[in-house]
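To keep things clear, I will list the structure first and then write my remarks on it.
The values are calculated or read from the model by the stated rules, or taken from the named source; none is laboratory data. Note that the structure is predicted; figures quoted are calculated from it, not measured. Cβ sites come from the backbone with ideal geometry, for glycine too, and all protein chains shown count toward neighbours. Side chains are part of the model used for accessible areas, which takes the heavy atoms of the whole protein and leaves out ligands, DNA and RNA. Shrake-Rupley method; radii C 1.70, N 1.55, O 1.52, S 1.80 Å.
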Amino acid sequence: MNKPPKAFFRLFLWEIENCLNLPVLSLIVASAILAVLVQSTSITGFTHDYGDLYSGASTIFLILTLVTCTLFSHSFAGSFGRGDLKRMLSYPVKRWQIFVSKAFALNLVIFSIYASTYAMNLYINAISLLEPMFYVSLFTIFLQLLFVCAVSVGISMLAKSELMSIVISFLLVFGLDNAINFHGISTSMGRFRNIFGYFEQITHPGFHYASSVAVTFERFTGSIVFPLLTAVVVLGIVFVYFTRKMEID
Amino acid sequence: MPALNELTIQIPNGISGFVGKNGSGKTTTIGVLLGLIKANKGQASMFGLDCWKNSFEIRQKLGVMHETNAYPGNFSARRFLTHVAKLYGITQIDQTITQLLKDVDLTHAQDKPIKTFSAGMFKRLGLAQALIGNPELAILDEPTANIDPLGRITILEKIKDMHTKHGTSFLISTHILSDLEKICNYLIIIDQGKTIDQGNINTLTEKYSANIYKIEVSNPPQFITALQKTDTIDKVWVENDKIFCKVNNPEMFCAEIPKIASELKLQLKGFQQTLNSLEEIYSQTVGEKR
């Protein structure tokens, strides 16, 4: 019999393979490439300018959020409807292993797709591989991914319906973006602007791609802490519920 | 009303049938045994372990085939079984899977995507994944549902073979009683979350066939009214326009039936002691509860 860490690793690989076998995977990669290319349409040649990393971020966040909501809802809520979860829980695996392997595998696959397609910017805009704003942007994409992951998993556990979960998660995340001040820390672009702008002040003083107004340290930390804290709290609650209380019928 | 209520079932070595009406609690019972559903009152235990708290330990000894065909459609049968085998920590994976695929007649389709499988192949794949860890007990939920008669026969033969070859015990939940009759040696009947009866099939057959008679007459309601006036019957019920009577004095009852029919001027189309089939036992036990 497998020891728990080994069983977890097996499940993790299985989940990765599941993701790579998704019929819509090519569509997801294509949409990520499109999102990066759309942001670079204003570019007519090599600009050597990191500013384009900021200008088209809203398209990436839109598509990233939609893809993340869909994949997490498919994996978590969908597994209730299809009976996958029931089947998985008939094997000698622990509930935490299923939960964590799903979450890890999906985050890894989605982030890998977006990080690699986002890296096209390095070529398109002739940006140096050492450009710090590139890594700041990647970090913000990761934060957004984590935030949407937490919302989608939370809704999945409540709705237990794939379609409902996709719709509710997407509306909730984008509802926040539109209902609240666009520059607030609860919106994806607001957080991106604050994080990008703060680092821009440090690494490229005098440039103001992200914000003409100085970004304060409080806004910067708030933009990191808000999605992180939301993810930790929501995923923590859902994890405890799933592993200790949840009945699967 | 609770889904299950003081349900105690014994699953002996061998092949056991688990029957009950729709909504009687069969799938819920399986869910509780697997630790998928928590008993909100009392305790559910299996192999001497608490089903909710020790579900991981219990599942190490179990193989399960659920009613739904929830298998990863883009995987081949071999790839899917390889993943399952790794979860069970099986060392000789290739050899084990080759043998299992052979046992369930899926060798020819081992490299095809699962989504291209027929209903019968899905069930055989389900059987293979339930048996992969060489479990002490395999729980099969509706293993022959929605498949053609030939497919059903194949599945039943495989179950019987597996029991003979590997000594695996089976608990088969199904509505198709004629299937159980072919392979089971133990039967558990539940209704409304309670055990109605359980035991060796031969014992149950003897118990329920002794004094049950089936009568076919031209006007069942009129005949039943007359029957109820006699002292020879304990219970009477109707199934598909046929009258069933549980009799306390067979000799007197047999003498009275033609007399009643003749007095009422009804045509007595048939009159016989019930057959020793599972369907008869089932309709008596569950019918009594109606």
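Dipole check for the protein assembly as shown: with +1 at the C-beta of Lys and Arg, -1 at the C-beta of Asp and Glu, and the Cα centre as origin, the magnitude is about 520 Debye. Placing unit charges on each Cβ (+1 for Lys and Arg, -1 for Asp and Glu) gives the protein assembly as shown a dipole about its Cα centre, and among A:Ile155, B:Leu106, A:Thr243 the Cα reaching farthest toward its positive end belongs to A:Thr243. Surface composition of the range B:210-288: carbon plus sulfur atoms contribute 44% of the solvent-accessible area (1.4 Å probe, protein chains only, all chains present). Backbone geometry of the range B:247-259 corresponds, through the Karplus equation with coefficients 6.51, -1.76 and 1.60 at θ = phi - 60°, to 3J(HN,Hα) couplings of 10, 9, 9, x, 4, 5, 4, 5, 6, 6, 4, x, 5 Hz, x marking Gly and Pro.
Taking each of B:Lys207/B:Lys229; B:Lys102/B:Lys160; A:Lys245/B:Lys21 in turn, the alpha-carbon distance tops 22 angstrom for B:Lys207/B:Lys229; A:Lys245/B:Lys21.
A:Leu229 exposes around 100 Å² of accessible area when a 1.4 Å probe is run over every protein chain in place.
Using the Cβ-Cβ distance between A:Met120 and B:Ile9 with R0 = 60 Å, the FRET efficiency computed as 1/(1 + (r/R0)^6) comes to roughly 0.45. Within the accessible surface of the range B:15-200, defined with a 1.4 Å probe on protein heavy atoms only, the carbon and sulfur portion equals 48 percent. The three principal axes of the Cα atoms in the range B:210-288 give end-to-end lengths of 34, 24, 17 Å, sorted in falling order.
Helix A:95-118 and the longest principal axis of the C-alpha atoms of chain A enclose an angle of approximately 30°. Note on the range B:54-153: the alpha carbon radius of gyration divided by the globular reference 2.2 N^0.38 Å gives 1.03.
Rolling a 1.4 angstrom probe over the protein heavy atoms with all chains in place gives chain B an accessible area of 47 Å² per residue.
Within the P(r) computed for chain B, what percentage of the Cα pairs occupies the region above 25 Å? So the portion of pairs separated by more than 25 Å is 55 percent.
For chain A, the per residue solvent-accessible surface stands at 44 Å², with DNA, RNA and ligands left out and a 1.4 Å probe.
The alpha-carbon positions of the range A:4-245 define a convex hull whose volume is 131 Å³ per residue. Taken one residue at a time, the phi angles of the range A:157-167 give Karplus couplings (6.51, -1.76, 1.60, θ = phi - 60°) of 5, 7, 6, 6, 10, 4, 5, 4, 5, 4, 5 Hz. Gly and Pro are set to x.
This model, with +1 at the C-beta of Lys and Arg and -1 at the C-beta of Asp and Glu, gives the range B:210-288 a dipole about its Cα centre of some 220 debye. Across B:Ile155, A:Ile168, A:Ile224, the residue with the most accessible area heads the list, and the full order at a 1.4 Å probe is A:Ile168, A:Ile224, B:Ile155.
Buried surface between chains A and B: roughly 2700 Å² of accessible area, summed over both sides, computed with a 1.4 Å probe on protein heavy atoms only.
3J(HN,Hα) along the range B:129-144: 6, 6, 9, 5, x, 6, x, 5, 9, 10, 9, 10, 9, 6, x, 10 Hz, from the Karplus curve 6.51 cos²θ - 1.76 cosθ + 1.60 with θ = phi - 60°, whole Hz, x for Gly and Pro. Counted without the sites themselves, the longest stretch of chain A free of chymotrypsin sites (Phe, Trp or Tyr not before Pro) in a DSSP loop having at most 15 other beta carbon atoms within 10 Å is A:47-181.
The label-point distance for A:Thr59 and A:Glu17, in a model that sets each label 7 Å from Cα toward Cβ, rounds to 3.7 nm. The figure for A:Val233 is an accessible area of roughly 80 square angstrom, using a 1.4 Å probe on the protein chains alone. In this structure, the amide hydrogen of B:Glu239, modeled 1.01 Å from its nitrogen in the peptide plane, lies closer than 5 angstrom to those of B:Phe244, counting only residues at least 5 positions away or on a different chain.
The shape of the protein assembly as shown can be summarised by an equivalent ellipsoid whose semi-axes, obtained from the alpha carbon gyration tensor, come to 63, 25, 20 Å from longest to shortest.
Residues of the range B:38-70 whose accessible area, computed with a 1.4 Å probe over protein heavy atoms, drops by at least 10 Å² once all protein chains are present relative to their chain alone are B:Lys38, B:Trp52, B:Phe56, B:Arg59, B:Gln60, B:Val64, B:His66, B:Thr68, B:Ala70.
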